[in-house]
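One structure is given below, encoded as structure tokens.
The values are calculated or read from the model by the stated rules, or taken from the named source; none is laboratory data. Note that this is a predicted model, so its numbers are computed, not measured. Methodologically, a virtual Cβ is constructed for each residue, glycine included, from the backbone with ideal geometry; neighbour enumeration extends over all protein chains shown. When the accessible area is computed, the model is the full protein with side chains, heavy atoms only, and any ligands, DNA or RNA have been set aside. Shrake-Rupley method; radii C 1.70, N 1.55, O 1.52, S 1.80 Å.
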Amino acid sequence: LRCCWPKPRPAARASGTKTNKIEVDPIALAVFANRFMSIAEQMGRTLQRTSVSVNIKERLDFSCAIFSAEGGLVANAPHVPVHLGAMADAVKWQITLRKKDLKPGDVRVTNDPVAGGSHLPDITVITPFVD
């Protein structure tokens with residue numbers, strides 16, 4: 001997924017000094033927020049449809065989300081968001097561990113509780129977008 005956000009422009013104060021506030025087009029923000037949410041929901045539907053596990057297929061006991069290059073949450077599907085706290089840590093850990101080695105098509109699979117996993121039965125699959 002490749003997108004083009006409008007370039008951020010610092011807002012000017014009345015005194016003429018610049019602040020760190022970024023002006024964002026509210027329409028573009030809504031379009032991209034809905035696009036990212038839709039992608040996360042489609043990931044979940046695909047996982048549910050292809051799963052053989054009752055926990056995933058019927059109970060929807062999984063989470064799907066999109067994270068930024070720094071590991072911050074961008075959008076998540078409304079399945080079971082309880083996993084997202086541990087998932088963010090797992091994504092950040094993998095970014096720290098393998099950022100220089102990542103290539104297009106790579107997939108990282110982890111369940112290490114020390115590296116952001118919640119507990120051993122939970123497996124986190126991370127597919128980075130490498131530009």
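Details
- Within region 19-111, helices (runs of 4 or more DSSP H) holding 2 or more residues that are within 13 Å of the chain's Cα centre (by Cα): 26-50, 84-98
- Residue 131 vs. criteria at pLDDT below 85, acidic (Asp, Glu) and more than 25 Å from residue 32 (Cα to Cα): no
- For region 39-52, filtered to residues that are open to solvent by less than 40 Å² (accessible area, probe 1.4 Å) and not aliphatic (A, V, I, L, M), the residue that is farthest from residue 116 (Cα to Cα) is 51.
- When the residues of region 114-125 are filtered to those that are open to solvent by 70 Å² or more (accessible area, probe 1.4 Å) and more than 19 Å from residue 68 (Cβ to Cβ), the one that is modelled with the highest pLDDT is 123.
- Within region 98-131, the only residue that satisfies the criterion of being without any contact (Cβ under 8 Å) to a residue 24 or more places away in the chain and of a type in the set (Gly, Ala, Ser) is 105.
- Region 57-88 - residue that is without any contact (Cβ under 8 Å) to a residue 24 or more places away in the chain, open to solvent by less than 60 Å² (accessible area, probe 1.4 Å) and out of contact with any Ser or Thr (no Cβ under 9 Å at 6 or more places or on another chain) and, of those, nearest to residue 115 (Cα to Cα): 72
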